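Enquirer: Sharing a structure below in structure tokens format, with a few things to ask.
The values are calculated or read from the model by the stated rules, or taken from the named source; none is laboratory data. None of these values were measured; they are calculated from a predicted model. A quick note on method: Cβ atoms are made from the backbone with ideal geometry, for glycine too, and the neighbour counts reach across all protein chains shown.
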Amino acid sequence: MKRSAVYLVVVTLFGYSSCQHAKSSQEDPCQTKARVVGDETYCDRYWECVNGQPELYDCPNGLVFAGKNRGVTEGCDYPWRSNYCDGKQRANPPIGTEHCGWLYGIFGHETSCTRYWTCWNGTANEQLCIGGLLYNERTHACDWPENVDGCQKHPLCNDDPNGNVPLGKSCNRYWQCQGGYPRLQRCPAMLVFDRHSLRCVVPPTEDCDVPSTIPPPPQEEEEENIPKGRENKGNQQQEFLNLPPGAIPAGKGRPRN
Ligand SMILES: *[C@@H]1O[C@H](CO)[C@@H](O)[C@H](O)[C@H]1NC(C)=O
């Protein structure tokens, strides 16, 4: 009899104190201008003021709360974009589908260093890193091969880590492999890339005539041979300005390589 009374008191005290604690630390969304606040404990949850009452919501699976009108959908964002989860946990476990670790996210490819998956509500879309870049698991973006652990060498350079590789049907651009890392290069003026000797030569060759002295309009030549990545285009443009010593810039005013 005495024992169970003590037990009851303990439960009551514990319940009371934890309730007090939750109330004091969790911000009430109805007291804020945005009417939405992140959960104190879980970074993938938020509270929204609905009809004057705080209601708890989960971010779409794989995303974490970023703030009203922020992130990629419903105020939620990819967790690696900021320190959203510092000092917090996630309430929800991953829901995986084919190629997707979570319903929403960006994931590495199972068999390729140049490909990756973007997942939206569990539907995977295959993406390609262009311009000799590889998918970097750490930044979830395309990156120079030397920054990508485990994928340092590019498949383009498999045959010869220091050889040249034709770029589609291009007559003046080619890949130069440097220790397995491909670099986009352009033949000096008036020379064309010969796909047999793998060097810049005086034209004509089997495939290439004497180059026109009139520069082709931007984006005109052989763009179809470069796979178009949907992500990180701006990033890649920047990267191309950063060619290694000795590289010949691919031309001014060109939107892409
Ligand atoms: C996500 O997909 C499920 C079924 O696959 C569907 O019921 C749901 O409406 C989708 N959600 C969004 C936000 O598109």
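Enquirer: If THR73 passes every condition in (1) buried (at least 17 other Cβ atoms within 10 Å of the Cβ); (2) within 16 Å of the ligand (Cβ to nearest atom); (3) under 30 Å from GLU27 (Cα atoms) but one, which one does it miss?
Expert: Result: THR73 passes all but (1).
Enquirer: Now for a separate question. So if I check each of PRO161, PRO145, which one is closer than 30 Å to CYS208 by Cβ and surrounded by fewer than 18 Cβ atoms within 10 Å (Cβ to Cβ)?
Expert: PRO161
Enquirer: Oh, and also: Looking at ILE95, is it more than 16 Å from the ligand (Cβ to nearest atom) and either touching a residue at least 24 places away in the same chain (Cβ under 8 Å) or in contact with a strand residue (DSSP E or B) (Cβ under 6 Å, 6 or more places away or on another chain) (or both)?
Expert: In short, no.
Enquirer: With the structure loaded, tell me whether ARG45 is closer than 23 Å to GLY122 by Cβ, more than 16 Å from the ligand (Cβ to nearest atom) and in contact (Cβ under 8 Å) with a residue 40 or more places away in the chain or whether it fails that test.
Expert: Spelling it out, ARG45 is indeed closer than 23 Å to GLY122 by Cβ, more than 16 Å from the ligand (Cβ to nearest atom) and in contact (Cβ under 8 Å) with a residue 40 or more places away in the chain.
Enquirer: Right, something else. Are any residues in segment 79-98 within 22 Å of the chain's Cα centre (by Cα) and not hydrophobic (A, V, I, L, M, F, W, C), and if so, which ones?
Expert: PRO79, ARG81, SER82, ASN83, TYR84, ASP86, ARG90, PRO93, PRO94, GLY96, THR97, GLU98
Enquirer: Would you call THR114 free of Cβ contacts under 8 Å to residues at least 60 places away in the same chain and more than 19 Å from ARG81 (Cβ to Cβ)? Show your work before the answer.
Expert: Values: free of Cβ contacts under 8 Å to residues at least 60 places away in the same chain: yes; more than 19 Å from ARG81 (Cβ to Cβ): yes.
In short, yes.
Enquirer: Among ARG115, ARG195, ARG186, which is outside the structural domain of PRO79 (by TED's automatic domain parsing), surrounded by fewer than 19 Cβ atoms within 10 Å (Cβ to Cβ), farther than 23 Å from GLY71 by Cβ and not small (Gly, Ala, Ser)?
Expert: Just one listed residue meets the conditions, ARG115.
Enquirer: Right, next: For segment 171-208, name all the residues that are among the small types (Gly, Ala, Ser) and modelled with pLDDT under 90.
Expert: Step one: list which residues in segment 171-208 are among the small types (Gly, Ala, Ser), which gives 179-180, 189, 197.
Hits for segment 171-208 are GLY179, GLY180, ALA189.
Enquirer: Oh, and also: How many residues does segment 117-131 hold that are more than 16 Å from the ligand (Cβ to nearest atom) and in contact with a Phe, Trp or Tyr (Cβ under 7 Å, 6 or more places away or on another chain)?
Expert: Of segment 117-131, the ones more than 16 Å from the ligand (Cβ to nearest atom) are 117, 126-131.
Narrowing the set further to residues that are in contact with a Phe, Trp or Tyr (Cβ under 7 Å, 6 or more places away or on another chain) leaves 117, 126-127, 129, 131.
Of the residues in that region, 5 qualify.
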